[in-house]
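Read through the structure below, which is laid out as structure tokens, and then see the notes.
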Amino acid sequence: MKQTSRIISTYAADISGVPSALFELGGMTVMHDASGCNSTYNTHDEPRWYDHDSMVFLSGMTEMDAIMGGDDKLIHDVCAAANELHPRFIAIAGTPIPMMIGTDFDAVARVIEERTGIPCLGLKTNSMHSYLSGAGMAFTAYAKRFVDRTLSRQAGSGRVNVLGLTPLDFSVNGSNESIRQLLQRGGLTPLSSWAMGSSPDELARSGLADVNLVVSYAGLSAAKYLKRTFGAPYVVGVPIGKEFSGVLINALHKASKTGECSAPCALRRADGAAPQISIVGESVYSGSLAAAIEAQTGLSCRVICPLETEKALMGFGDCLASDEDELIPLLYSGIVVADPLYKPICGGLTRFYELPSEAFSGRIYRKSIPNLIGKRL
Amino acid sequence: MLKRLGEKPDLTQTTVSVGEASYPAPFETGLEYAAPARGVWNIVHTGMLVPESHEIFICAAGCLRGVVLTAAEMGAAERFSTVAIRENNVLDGDMEELMIEGVTDILNKLQRTPRAVLVYTSCIHHFMSCDVTRCYAELRRRFPNVDFTDCYMDPIMRKSGLTPDQTMRSRLYSLLKPAPVDGMSVNIIGSDLQTYPDCELVQMVQQSGRTLREITACKSYDEYQLMATSYLNIAMYPAAKAGCEALCERLAHRCLYLPFIPDYDDIDRELELLAAALETNPPDASALRALADESLFKARAIVGDAPVAIDYTALSHPMELARLLINHGFNVTDLFLDSISTADRDAFLWLKRNYPSLRLHPTIHPEMRVYPRDERNTLAIGQKAAYFCGTCRFVNIVEDGGLHGYMGIIRLAELITDAFENPKDAKIEIQPKGLGCAGGCCL
């Protein structure tokens, strides 16, 4: 039956994707939800929580707030906290009950902005979609609001924005820094990283970029916005492995010249051979890993994507499967690369290779999440 | 290294002296912050105390994630399953069908049928008026050999009657089936942590020739069911009181509420109540008082004038503890709590009169996100106090830590001494969920 899981975990939800995306940008993110519901985010979805004082709060919604509407209380509490803490911006995101009662987050955001003078983003999450949806929504809203539209693309400059970086896909293991270094070695100039390791000022200058590198599905929507607004094309993929990193660097240079977008993460051998390796996970990261393995070893790979994605990001043989019943026959045999929490549903003939993902197993295997950027597999 | 961006916060709401504090809410409420001190048990940990049971949570993905990872982290993934509510279920209104078919699907897939199933419905079920009664009736018809009970993950209801924590501790015993009462056994109800065996309460029950039963010690569902044969139920943790009373009413048991109050007179009063219920005599209070005094003064000699901070997650009566420690010469400087309980009111008034400079701090106020955390010389009692003080000298307990009576105070004095002499890495120690659960007591 769809929607049931006997044993496997569930991915971080959209409500966690929002603060994960905005964590380092000096804003205040408010989850409109009941007391205690932020513990999932700060326990499992946010490795930066203990040491960094980014402002992520909960509205503490009650039954009476839901019955009576309660927007006034939400607005009052957000304004009070903002006046004490002086965030650079405010983001308010929703959960199931605000969705059910039809909370108008755009209107709430407008009122708060009017009262505080602080830019405020209303984001219509509902905890029923994945972190990719929430982070994508946050990146796009942030881009629309804060990227300086007076700037224009500097074609041929080799400047690159990296879009879609959150610890949910990359943990805090140096991957973001490795990507910057790899781009520099490839003759490109990293302009900003959305949103790990870059300042808000760097993000504001993203319009100067020649080309954008999308490293997760969460970054795609913002990339499309930057393409529409500034004309910068985007290339989709994570520079995993030596060979595939080279492919990506070449694709970035090519896009810089032609202005055309591409998705090297969807490159597969496409020779009709049965896949020897199945990789379960987010489409861009897993697709890049599949392409990297194929390029390095010649073994055929497919991606089993349990999350939101687009057809253009899927290669030959890749498939969507999110429910346990859909996944079990796909993981019955062969080589499987996936988060360890998928292991209980793999068949006895499976050779299982652990690739933990913060987005699926949270902090449980955090120390084992590898930095695969630019390295031989 | 990440750096904080933006203007410096005002930090006007993080401290109030007890002399100026109002009762029962010393701080304004509003947005909420959550410190990374996570040792308090949640409804997954507590539910797992029912031996041979299986938990099934039915809610939105975002709500499922925290609980499924709690189960995985505690090594209990095999006893835990989920049913995800999606937008179409809310729009179509098929919540009953999803619940019945989802639970059925999971139970049919389990290799071994559990003796009991705890089904957790959520805020959405409440607001959509899901007919859970019909769902449970159908599930009981389909699985006659399984005991089902209704549990709840509905934090939105925390100000509407019982809190989710109180409700969970109540539902934990809803599976007990009426049985003949033997008069020779006594239950401790609603404590997540096993009571220290050397405390007067345990000793008195055993010396009266009776068996003491705690769910934390039950190894099988049959052993759990024997709790229905006890004649006396004792609640020791405040959040367990309502559940204990409900159980006593349902099974016609006697009920006692004997919380761990670190005050000698209260302890004497409780021991007398227990002695009456057991038809025995209370222990020699003067000897126990002398022992407790000796332990506290010994700890004080080691701790010296070091500042002491206490939080509400460590002990359910933090103000009583502050009074006790101050009366034994400790330099108690800070209390971390968001409200003052009725049970702590007398101690609060005493502190207000006699020690008005004592500082109170909230734990969930947004400004606590940027609290300096630089009181490294402080001895903290509790994980939140340890985090906010930034100290590595702390007593790592939650939910009263199984302490009770004079022996509880003596044990606490030992823990204070140990905490002062043996610093710990707070970042490692306070982040695991469900302190004391990983030891296997609930698996």
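The values are calculated or read from the model by the stated rules, or taken from the named source; none is laboratory data. Here the structure is a predicted model, which means the values were calculated and not measured. All Cβ positions, even for glycine, are placed from backbone atoms using ideal geometry, and neighbour counts span all protein chains on display.
Quick notes on this one:
- Segment A:27-42, subset assigned to a helix (DSSP H, G or I) and either within 18 Å of the chain's Cα centre (by Cα) or of a type outside the set (S, T, N, Q) (or both), residue farthest from the other protein chains (Cβ to nearest Cβ): A:Tyr41
- Looking only at residues of segment A:1-26 that are touching a strand residue (DSSP E or B) at 6+ places or on another chain (Cβ under 6 Å) and part of a loop (DSSP other than H, G, I, E, B), we find that the one that is surrounded by the fewest Cβ atoms within 10 Å (Cβ to Cβ) is A:Gln3.
- None of A:Glu308, A:Glu324 is charged (D, E, K, R), over 24 Å from A:Ala135 (Cα atoms) and surrounded by 16 or more Cβ atoms within 10 Å (Cβ to Cβ) except A:Glu324.
- Number of the condition not met by A:Asp51 [criteria: (1) more than 7 Å from chain B (Cβ to nearest Cβ); (2) crowded, with 22+ Cβ neighbours inside 10 Å; (3) over 18 Å from the mean Cα position of the chain (by Cα)]: (2)
- Only listed residue being more than 17 Å from B:Glu399 (Cα to Cα), modelled with pLDDT under 95 and over 25 Å from the mean Cα position of the chain (by Cα), chosen from B:Asp284, B:Asp293: B:Asp284
- Across segment B:13-46, the number of residues qualifying as assigned to a helix (DSSP H, G or I) and not aliphatic (A, V, I, L, M) comes to 2.
- Helices (runs of 4 or more DSSP H) fully within segment A:58-123 counting 1 or more residues that are of a type in the set (Lys, Arg) and surrounded by fewer than 18 Cβ atoms within 10 Å (Cβ to Cβ): A:105-116
- Condition check for A:Gly315: among the small types (Gly, Ala, Ser) and touching a Ser or Thr at 6+ places or on another chain (Cβ under 6 Å): no
- Screening segment B:217-242 for residues that are within 20 Å of the chain's Cα centre (by Cα) and among the hydrophobic types (A, V, I, L, M, F, W, C) and picking the one that is surrounded by the most Cβ atoms within 10 Å (Cβ to Cβ) gives B:Met236.
- Meets criteria (more than 27 Å from B:His365 (Cα to Cα), in contact with a helix residue (DSSP H, G or I) (Cβ under 8 Å, 6 or more places away or on another chain), modelled with pLDDT under 95 and more than 7 Å from chain A (Cβ to nearest Cβ)) for B:Gly47: no
For (1) within 21 Å of B:Tyr221 (Cβ to Cβ); (2) buried (at least 18 other Cβ atoms within 10 Å of the Cβ), each residue gets a yes or a no:
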residue	(1), (2)
B:Met99	no, yes
B:Tyr120	yes, yes
B:Phe127	no, yes
B:Asn187	yes, yes
B:Pro197	no, no
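- Elements of type helices (runs of 4 or more DSSP H) in segment A:161-232, at least 2 residues being of a type in the set (A, V, I, L, M): A:175-185, A:200-204, A:220-230
- Pairs, first at the interface with chain B (Cβ under 8 Å from one of its Cβ atoms) in segment A:89-101, second in a loop (DSSP other than H, G, I, E, B) and modelled with pLDDT of 95 or more, C-beta under 7 Å, six or more apart: A:Thr95/A:His32; A:Thr95/A:Asn126; A:Thr95/A:Ser127; A:Pro96/A:Asn126; A:Pro96/A:Ser127; A:Pro96/A:Met128; A:Met99/A:Asn126
- Picking from residues in segment A:124-137 that are outside any loop (DSSP other than H, G, I, E, B) and out of contact with any strand residue (DSSP E or B) (no Cβ under 6 Å at 6 or more places or on another chain), the one that is farthest from the other protein chains (Cβ to nearest Cβ) is A:Gly136.
- Selection of helices (runs of 4 or more DSSP H) fully inside segment A:268-364 by the criterion of at least 2 residues being within 19 Å of the chain's Cα centre (by Cα) and not assigned by TED's automatic domain parsing to the domain that holds A:Ile249 returns A:283-297, A:358-361.
- Condition met for B:Thr391 (more than 13 Å from chain A (Cβ to nearest Cβ) and of a type in the set (S, T, N, Q)): yes
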